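Novice: Pasting in a structure now, in structure tokens, and then I'll have a few things to ask.
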Amino acid sequence: MKTFDYHSPKDVKEASKLSSSKSVFLAGGMTTIPSMKLGLATYKDVINLKGIKKLSGIKVSGKIVKIGATTQHAEVAKSKELKKAIPSLAALAEGIGDPQVRNRGTIGGSIANNDPAADYPSACIALNAVIHTNNRSINAETFFKGMYETSLKSGEIIESIEFEVPSKSNYQKLPNPASRYAVIGVYVARFKGDNVNVAITGAKSCAYLDKNLSDALSKDFSTSSINNVNISSKGINSDIHASANYRANMIKVYAKKAVEAC
Amino acid sequence: MKKINVEVNGKKITKEISDHTVLSSFLRDILNLTGTHIGCDTSQCGACVVHVDGKSIKSCTAFAADIDGSKITTIEGLTKNGKMHPMQEAFKKHHGLQCGFCTPGMVMSAIDLLKNNKNPNDREIRDWLEGNICRCTGYQNIVAAVKEAASKM
Amino acid sequence: MASLVGSRVERKEDKRFLTGKGRYTADINIVNQTYAIFIRSPHARAKIKKIDTSKALKSSGVVDILTGEHIAKDKIGGLIAGWAIRSEDGSEMKCPANPPLAKDNVNFVGDPLAVVLAESLDEAKEAADLVKIDYKILEAVTNLEKTMESDAIHDGIDKNLCYDWLLGDRQKVKEAFDKADKIIKLDITNNRLIPNAMEPRACVIDYNTASEEITCYTTSQNPHLSRLIMSAFGGVAPENKLRVVAPDVGGGFGSKINLYNEEIVCSWASKKIERPIKWVAERTESFLTDTHGRDHITHAELAVTNDGKFLGFKNETIANLGAYARVFGTVTPTYLFGPCATGVYVMPAAYSNVKAVYTNTAPVDAYRGAGRPEATYTIERIVDKAAIELGIDPIEIRMKNFPTEFPFKQTLVHQIDSGDYVAGLNKAKEMSDYDGFVARKKESESRGKLRGIGVTTYFEACGIAPSPVVMMLGCGVGLWESAEVRFNPTGQVTIYTGSHSHGQSHQTTFAQIAADELGVPIENIDIVHGDTDKGTFGMGTYGSRSLTVGGIAIVNACKKIVAKGKRIAAKMLEVSEDEIDFSNGEYVVAKSNKKKTIGEVAFASYLPGVRDEVKSPLPEGDEPGLIESSFFDPANFSFPAGSHIAEVEIDPETGNVKLDKYTAVDDFGTIVNPIIVEGQVHGGLAQGIGQALTENAQYDDTGQLITASYMDYTMPRADNFPEFNLGFTCTKATTNPLGVKGCGEAGAIAAPPTVMNAVINALGGREIDMPATAEKVWEACNEMKKTNSEAA
């Protein structure tokens, strides 16, 4: 690995100040460190955010769940409060990577990285999340821009993510047999007033809200309503693990599983 | 260079390290604790699992600088007064290892499982070990060993 | 003393592995060592126009950068194929030169062409990035089916064809086929696999400038063979100046049989720079450059009668050798494959035709089972297809064609000394509750799932032997094994074996055997292996040969020890040898209480005299000491066999295949240590099931390996398997004194057809190739639904 300067700032301001076009913020490092090792990314400065106390923790207040950016997947998975408020989100965290990855990887890191097959982005979209940074608040829908691309600007740090508590929700994923990332993942969330969000991950350059599925389930929250939705394989990812056609079909299969489990 | 203070297997250690030293390299190359192995170096195989502040992590994917102030336990730190840990004993009894290369990570991961779940069933053991690849054993005797250790711990 | 052979003895090697005290090559550091980084071709096929190292040489910490030019100038030889195979037309096989560092052409992604040596790993990597290479990229040959019509990769090797080999009689097969009621035809692909030992390859070289001795620590399954090749063909140093040590090795599965480029280059370079060198592969390098396995395309035909009797069999196979022919590369698809292609059946006529071709991919060589899994997959798939087409139960059709008398002269080569295939299959049938399958299928169907059952019966030819025969067939070396048994004066025993353990547990099983032979407690017996300076010579570990060849060498050396001991004991006890019995470590004079322990005899052999008297316990002609050796060359292979039965449940909505039940009944003859044998079976099964369900090495059209990490190459994990149900039957091998047969490869041989037959059974006979990934199975399920609804 190429050498760099390591920093461990104590607050967000200091962290932001240290950043430049040649720096990277480090949270869990689950993607950053391997890509640095493989020479896919090199940085002059690595700025570790884990020393910033206020970035970690889970808070449930009424219809809002707020999770600090450096909260590890294992903490999200275990949180009793969260299990009560949004059990599907805790279950999603329990399904990320393996126990060691969950002990290190963070929600903020996952969202900032925006891997097309990551789990959390679908939760953010389905649960009308607001991503709070040191400068502003961004709606999930506009936050995820494309493959590994978000609306975060240079020096901008995610501080926390706020999720809206749904009345019912469930996340189902078809894992890639090798990496265990999502080949496709479907997050179904139903809110008061019967509005339903269906967010998909793994299928395109990044997670997205599937309008057709959301509309159909908002009208009639049943597996049969999914049958009538046409999901085209156009624009859907295709790789050695799954063709676009298979993925498109699995979106429906897994959407049904999610609805059944709601 | 960075100076870090850590406790490794019960011993307090202060060392100067390069900023980009990863934990596995710190353990193997600087402390000569070569029981922690590197199988893939990209956090997929699990041969490098150690405990940091009581939790299992993949030491190839953590910067040593980031571990400053922590307590680390490696496979070398499990044996107390010449007596192996019940998990180590169980692996021996059930032939839960063959070439031995994945074994340190497997044992460290399995011990963390029992911290989280005192009496896991087969399925729970197999699911937990998702991050540890073994090419020799077909996992069956590992599962048997973890069950045995659970009954002894 | 109770016999240790047959007992579940806990392993002697475990404590060091479990406490982090194992010593693998990457754990070794030598004062003043430099670090090597290999520069490898990013292209599958290219001409090297120019290598510019000028900038890199000036980079910080660089000690030297060596290229193919340097190694050619020093006349260092390259890697070799260990078996010369002749084509059907009598011509010799065609092999390209495989220099340790490519000089003019690179032939696969990962082919090394230069090495950077630096003071630290970071500096070596930094400098490697500065080496500029100008390539002329050529079109890669990667499509196995089209290889023979593609550009010749190597000069002078037409059609990329190494050989076109035939075993068997085409005319007899034609006659048999003419008489058949039905010809069953099958086209299959045996998917390419990457062995993936968990320890990446590595070497650490220490050159002593004074003694001019090179010590090469390396991840090898056979250090003596590596030394021989490095010396005789590489010309790196004479054998007496070359010490090869394979310390603890983290799995091999065939991928560490070969001597590799890196060991030759680093050994040679260490002498050149007069510094130690350390090289450890990154996982990606292992994916790209470890020898791969399998990779066949086969068309097979089976001639049958309407009542399910087999009349004849043939297969036409294209085998991928990759870019170069390596040690077992050429024999794996021929003598390790063809003779097993007719399986455990009486087959009146057969032939096996194999065309081995070069492609711009990593070299393909032996991988657990080597040839025998490919053969077993072919015959067991086609036998199942015959059962389907003839409407006969898969167990019944197998039973119908089993030999009932042993020795059984198998169609193509082998004389199988012992076996009882009927007993094995009956036991598997019972243990798997075969008859309860119908009810279980119904239950699955009630949940919307498909269920299938698959059967395989196999035999394996392992412990390749005897040497004169294998050398007659083209092998470059004999395949015996050596052992030396040394008694210390104070009674402990050290045994030097040429076999190598990289997971196989020799320290325990070999000690069990010796403990029984010598009557010495197992704690007092140490097994030494893996160091050419310790022990005579050895052919190493592969092809399930350690116990049946290496183990027997130990038995024979122990017998020589006991015999010499008897002569000494007789002299000490002042009786004739005939009056002495040896058992449980004691030489006892019949019908008396006079005895000497073997320890006392050993002591006397080293201290042959007494005070105040000129008196020796040594009989005339016997020298002092108690050390004996043996080179064992078996009269034949050993032939383990077995029957496996698997059940899968398929979710037709997703195509996901769940392996629900797996029963394996194997006959390994005498079992030395059941717990270790079970472990070997488990491991083999995991690899075989991996081949059937998940693993697949894939290259794209340009020759890039697209499954070059654990993110894309699906290694089976704990949650992929059910608990395996194992059983054993026993017919002892008649070709060795213990009656043992090899057990290491059985699982990897039997599992692929067992699982695939179950998948195909669940899919109503629809054929798919391995691996049975969810999408492939899902497509087959959709087809099935379509056919069913059309039929309705």
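Novice: Quick one: buried accessible area between C and A, total over both chains, 1.4 angstrom probe, nearest 100 Å²?
Specialist: 1700
Novice: To one decimal place, what orientation-averaged projected area in nm² is obtained for the convex hull of the Cα set of the stretch A:5-48?
Specialist: Reported value for the Cα convex hull: 2.9 nm².
Novice: Still on this structure: Calculate the translational D of the stretch C:547-703 in whole µm² s⁻¹ from Stokes-Einstein, where the hydrodynamic radius comes from the Kirkwood formula applied to all Cα pairs, the temperature is 25 °C and the viscosity 0.890 mPa s.
Specialist: 116
Novice: Once you've got the Cα coordinates, tell me which of A:Lys173/B:Lys115; B:Lys11/B:Lys80; A:Lys53/A:Lys204; A:Lys37/A:Lys59; A:Lys59/B:Lys55; B:Lys12/B:Lys58 are over 25 Å apart.
Specialist: Pairs exceeding 25 Å: A:Lys173/B:Lys115; A:Lys53/A:Lys204; A:Lys37/A:Lys59.
Novice: Placing one identical point scatterer on every Cα of the stretch B:86-152 and ignoring solvent, what is log10 I(q)/I(0) from the Debye formula at q = 0.14 Å⁻¹?
Specialist: -0.31
Novice: About the Cα centre, and with charges only on the beta carbon of Lys, Arg (+1) and Asp, Glu (-1), how big is the dipole of chain C? Nearest 20 debye, please.
Specialist: 400
Novice: May I pose another question? Just reorder C:Met756, A:Met30 by solvent-accessible area, largest first, 1.4 Å probe, all chains present.
Specialist: Highest to lowest solvent-accessible surface, that is A:Met30, C:Met756.
Novice: Could you sort the residues of the stretch A:221-244 by number and keep only those whose accessible area is reduced by 10 Å² or more in the all-protein-chain setting relative to the chain alone, 1.4 Å probe?
Specialist: Flagged in the stretch A:221-244: A:Ile240, A:His241, A:Ser243.
Novice: In debye, nearest 20, what is the charge dipole magnitude of the protein assembly as shown about its Cα centre with +1 on Lys and Arg Cβ and -1 on Asp and Glu Cβ, if you could check?
Specialist: 3240
Novice: Among all the lysines, which ones have a C-alpha under 20 Å from C:Lys241's C-alpha, if same-chain residues fewer than 8 places away are not counted?
Specialist: Once the sequence-local lysines are set aside, what remains near C:Lys241 is C:Lys75, C:Lys271, C:Lys272, C:Lys278, C:Lys534.
Novice: Could you tell me the calculated FRET efficiency between C:Lys615 and C:Asp155, based on Cβ-Cβ distance and R0 = 51 angstrom, to the nearest 0.05?
Specialist: 0.10
Novice: If you don't mind, there's one more thing I want to ask. Could you name the aspartates and glutamates whose alpha carbon sits less than 17 Å from that of C:Lys400, not counting residues in the same chain fewer than 8 places away?
Specialist: C:Asp181, C:Asp307, C:Glu380, C:Asp384, C:Glu389, C:Asp420
Novice: Would you mind getting the accessible area per residue of chain C, heavy atoms of the protein chains only, 1.4 Å probe, in Å²?
Specialist: Result: 35 Å² of accessible area for each residue.
Novice: Ordered by residue, what ³J(HN,Hα) values in Hz, to whole numbers, does the stretch C:544-554 give under the Karplus form 6.51 cos²θ - 1.76 cosθ + 1.60, where θ = phi - 60° and Gly and Pro are x?
Specialist: Whole-Hz 3J(HN,Hα) from phi for the stretch C:544-554: 6, 9, 4, 6, 6, 10, x, x, 6, 4, 5.
Novice: Leaving out ligands, DNA and RNA, and with a 1.4 Å probe, what % of the accessible surface on the stretch C:495-591 is carbon or sulfur?
Specialist: 44
Novice: Any chance you could look up the accessible area of B:Ile4 with a 1.4 Å probe, heavy atoms only, rounded to 10 Å²?
Specialist: The accessible area of B:Ile4 comes to roughly 0 Å².
Novice: At a 1.4 Å probe radius, carbon and sulfur cover how many percent of the accessible area of the stretch A:55-164?
Specialist: Answer for the stretch A:55-164: carbon and sulfur cover 49 percent of the accessible area.
Novice: Okay, next question. Just to confirm my numbers, what's the Cα centroid distance between the stretch C:270-308 and the stretch C:661-684 in Å?
Specialist: Using only Cα atoms to place each centre, the spacing works out to 25 Å.
Novice: If you count only protein heavy atoms with a 1.4 Å probe, what accessible area per residue comes out for the stretch B:86-152, rounded to a whole Å²?
Specialist: On a per-residue basis, the stretch B:86-152 sits at 28 Å².
Novice: Next question, about the same structure. Please go through the residue pairs A:Lys80/B:Lys118; C:Lys449/C:Lys785; C:Lys661/C:Lys732; A:Lys168/A:Lys211 and name each one whose alpha carbons sit more than 21 Å apart in this structure.
Specialist: C:Lys661/C:Lys732
Novice: Between chains C and B, what is the buried accessible area summed over both chains (1.4 Å probe, protein heavy atoms, nearest 100 Å²)?
Specialist: That pair of chains buries around 4000 Å² in total.
Novice: Using label points projected 7 Å from each Cα along Cα→Cβ, tell me how many nm separate C:Gln704 and C:Lys409, to one decimal.
Specialist: Modelled inter-label distance: 5.6 nm.
Novice: May I ask you to find the residues of the stretch C:22-41 that are shielded by at least 10 Å² of accessible area once the whole protein assembly is considered instead of their isolated chain (probe 1.4 Å)?
Specialist: C:Tyr24, C:Ala26, C:Asp27, C:Asn29
Novice: Chains A and B: how much accessible area gets covered up at their contact, both sides added, probe 1.4 Å, in Å² to the nearest hundred?
Specialist: That pair hides around 2200 Å² of surface in total.
Novice: OK, next. Report the FRET efficiency, 1/(1 + (r/R0)^6), for C:Lys785 and C:Phe233, where r is their Cβ-Cβ distance and R0 is 51 Å, rounded to 0.05.
Specialist: Taking R0 as 51 Å, the efficiency between C:Lys785 and C:Phe233 is 0.30.
Novice: Give me a single rounded figure for C:771-778: the average over its residues of other chain Cβ atoms within 10 Å of their Cβ.
Specialist: Taking all residues of C:771-778 together, the mean is 4.
Novice: Quick one: which residues, 5+ away or cross-chain, put their amide H under 5 Å from the amide H of C:Ser41? H built at 1.01 Å from N.
Specialist: Correct list: C:Gly110, C:Asp111, C:Leu113.
Novice: Once you list every other residue whose beta carbon is under 15 Å from the beta carbon of A:Pro166, what net charge do they have if Lys and Arg are +1 and Asp and Glu are -1?
Specialist: Its environment carries a net charge of +3.
Novice: Add +1 for every Lys or Arg and -1 for every Asp or Glu among the other residues with Cβ under 11 Å from the Cβ of B:Gly39, and state the total.
Specialist: The answer is 0.
Novice: Follow-up question, since we're still on this one. Packing-wise, with mean Cβ within 10 Å as the measure, how do C:284-293, C:237-246, C:105-114 rank, highest first?
Specialist: The most tightly packed comes first, giving C:105-114, C:284-293, C:237-246.
Novice: Starting with the highest mean, order C:546-553, A:106-113 by the number of other Cβ atoms within 10 Å, averaged over the residues of each peptide.
Specialist: Ranked from most to least packed, the peptides come out as C:546-553, A:106-113.
Novice: Strictly over 19 Å apart at the Cα level, which of C:Lys314/C:Lys355; C:Lys73/C:Lys125; C:Lys560/C:Lys591; A:Lys13/B:Lys2; C:Lys50/C:Lys132; B:Lys83/C:Lys12 would you flag in this model?
Specialist: C:Lys73/C:Lys125; C:Lys560/C:Lys591; A:Lys13/B:Lys2
Novice: Just how far, in whole angstrom, is the stretch A:19-83 from the stretch C:196-214 if you go by their alpha carbon centroids?
Specialist: Spelled out, the Cα-based centre of one part sits 41 Å from the other.
Novice: Let me ask another. Quick one: what are the phi-derived ³J(HN,Hα) couplings along the stretch C:626-635, Karplus 6.51/-1.76/1.60 with θ = phi - 60°, whole Hz, x for glycine and proline?
Specialist: Each residue of the stretch C:626-635 in turn: 10, 9, 9, 10, 8, 10, 9, 10, x, 6 Hz.
Novice: In peptide B:17-25, what is the residue-averaged number of other protein chain Cβ atoms found within 10 Å of each Cβ?
Specialist: Partner Cβ neighbours, averaged per residue: 4.
Novice: Also: Sort out for me the Cα centre separation of the stretch C:1-77 from the stretch C:448-508, rounded to whole Å.
Specialist: Result: 26 Å between the Cα centres.
Novice: Mind giving me the nanometre distance, one decimal, between the label points for B:Asn5 and A:Leu40, set 7 Å out from Cα along Cα→Cβ?
Specialist: My value for the distance between the label points is 3.8 nm.
Novice: Across 10 Å bins from the origin, how do the percents of Cα pairs in the protein assembly as shown run, short distances first?
Specialist: Once binned at 10 Å, the Cα pair distances of the protein assembly as shown give 2, 9, 17, 22, 21, 16, 9, 3, 1, 0, 0, 0.
Novice: Continuing with this model, one more query. Accessible area per residue for chain A in Å², computed with a 1.4 Å probe and the full protein assembly in place, what is it?
Specialist: Accessible surface, normalised per residue, equals 41 Å².
Novice: What FRET efficiency would be calculated for the residue pair C:Glu396, B:Arg123, taking the C-beta separation as r and a Förster radius of 30 Å, to the nearest 0.05?
Specialist: 0.25
Novice: Heavy atoms only, 1.4 Å probe, whole protein assembly: order C:Glu579, C:Glu262 by accessible area, highest first.
Specialist: These residues rank, largest area first, as C:Glu579, C:Glu262.
Novice: Normalised by the number of residues in chain C, what is the relative contact order in percent for Cα pairs under 8 Å and 6+ residues apart?
Specialist: About 15 percent, as a whole number.
Novice: Report the local net charge at A:Ile52: Lys and Arg +1, Asp and Glu -1, summed over other residues whose C-beta lies under 14 Å from its C-beta.
Specialist: +2
Novice: For a test of the definition: using alpha carbon positions, the gyration tensor, and the 1.5 limit on a/c, classify the stretch A:134-182 as rounded, prolate or oblate.
Specialist: Judged from the Cα gyration tensor, the stretch A:134-182 comes out oblate (a/c at least 1.5, b/c at or above a/b).
Novice: Here's another thing I want to ask about it. If you count, for every residue in B:59-66, the Cβ atoms of partner chains within 10 Å of its Cβ, what is the mean?
Specialist: Per residue, the number of nearby Cβ atoms from other chains is 6 on average.
Novice: Let me ask something additional. With the full set of protein chains in place, find how many percent of the accessible area of the stretch B:86-152 is carbon and sulfur; take the probe as 1.4 Å.
Specialist: Here it works out to 49 percent.
Novice: Let me ask something additional. Taking 0.36 nm per residue of separation and subtracting the Cα-Cα distance, what length does fully extending C:Gln171 through C:His299 add?
Specialist: Between C:Gln171 and C:His299, full extension yields 44.3 nm more.
Novice: In whole percent, what relative contact order does the stretch B:2-75 give with Cα contacts below 8 Å and a gap of six or more residues?
Specialist: The value is 40 percent.
Novice: Next question. About its Cα centre, how strong a charge dipole does the stretch A:168-261 have in debye, to the nearest 20, once Lys and Arg get +1 and Asp and Glu get -1 at the Cβ?
Specialist: Rounded to the nearest 20 debye, it is 100 debye.
Novice: Is the shape of the stretch A:52-147 rounded, prolate or oblate, going by the alpha carbon gyration tensor and its root eigenvalues a ≥ b ≥ c, with a/c under 1.5 for rounded and a/b larger than b/c for prolate?
Specialist: Rounded shape, in that the Cα axes give a/c under 1.5.
Novice: I need the peptides C:742-754, A:11-23 ranked by packing, meaning the mean over residues of other C-beta atoms within 10 angstrom, with the highest value on top.
Specialist: C:742-754, A:11-23
Novice: Once a ≥ b ≥ c are taken as the square roots of the eigenvalues of the Cα gyration tensor of chain C, is the result rounded (a/c under 1.5), prolate (a/b larger than b/c) or oblate (a/b not larger than b/c)?
Specialist: oblate
The values are calculated or read from the model by the stated rules, or taken from the named source; none is laboratory data. Quick caveat: nothing in here was measured; it's all calculated off a predicted structure. Every residue, glycine as well, gets a Cβ built from its backbone with ideal geometry; the counts of neighbours run over all protein chains shown. What goes into the accessible areas is simple: the full protein's heavy atoms, side chains included, and nothing from ligands, DNA or RNA. Shrake-Rupley method; radii C 1.70, N 1.55, O 1.52, S 1.80 Å.
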